[in-house]
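A.B. asks: There's a structure below that I have some questions on.
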């Protein structure tokens, strides 16, 4: 499922995404991890070194399996990236090594008029 996101450079933002309908969200344990990664383009680098935003979160804290909604915060320092268009995904990594891409799409970072204070 693809969903496009827009953020403003340097602005903290809470991101709430419906990743799947509740019936198709896998069961989540306290050892599962959610990854949010945004980068300029798709690549084969398994370290995600080109990522402009990388978040690693405990799945039990950010994913509501009853609704299929993941909620997390992008901090102002994480959002202080060069304005432009990026690709992103939200991946669930289960403790038993299963990996499920819950959502992907385009991330647009819009420029900020005020740059003082970054």
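The values are calculated or read from the model by the stated rules, or taken from the named source; none is laboratory data. All of these numbers come straight from a predicted model, not from anything done at the bench. Cβ: placed from backbone, ideal geometry, glycine included. Neighbour counts: every protein chain shown.
A.B. asks: I need a count of the residues in segment 90-101 that are exposed (fewer than 12 other Cβ atoms within 10 Å of the Cβ) and assigned to a strand (DSSP E or B).
C.D. replies: Selection size over segment 90-101: 1.
A.B. asks: Of all residues in segment 26-43, count the ones that are within 19 Å of residue 98 (Cα to Cα) and in a loop (DSSP other than H, G, I, E, B).
C.D. replies: Of the residues in segment 26-43, 7 are within 19 Å of residue 98 (Cα to Cα) and in a loop (DSSP other than H, G, I, E, B).
A.B. asks: From the list 32, 104, 43, pick out the single residue that is over 14 Å from the mean Cα position of the chain (by Cα) and surrounded by 15 or more Cβ atoms within 10 Å (Cβ to Cβ).
C.D. replies: 32
A.B. asks: Count, please, the residues in segment 45-89 that happen to be closer than 19 Å to residue 16 by Cα, part of a strand (DSSP E or B) and modelled with pLDDT of 90 or more.
C.D. replies: Within segment 45-89, residues that are closer than 19 Å to residue 16 by Cα, part of a strand (DSSP E or B) and modelled with pLDDT of 90 or more number 14.
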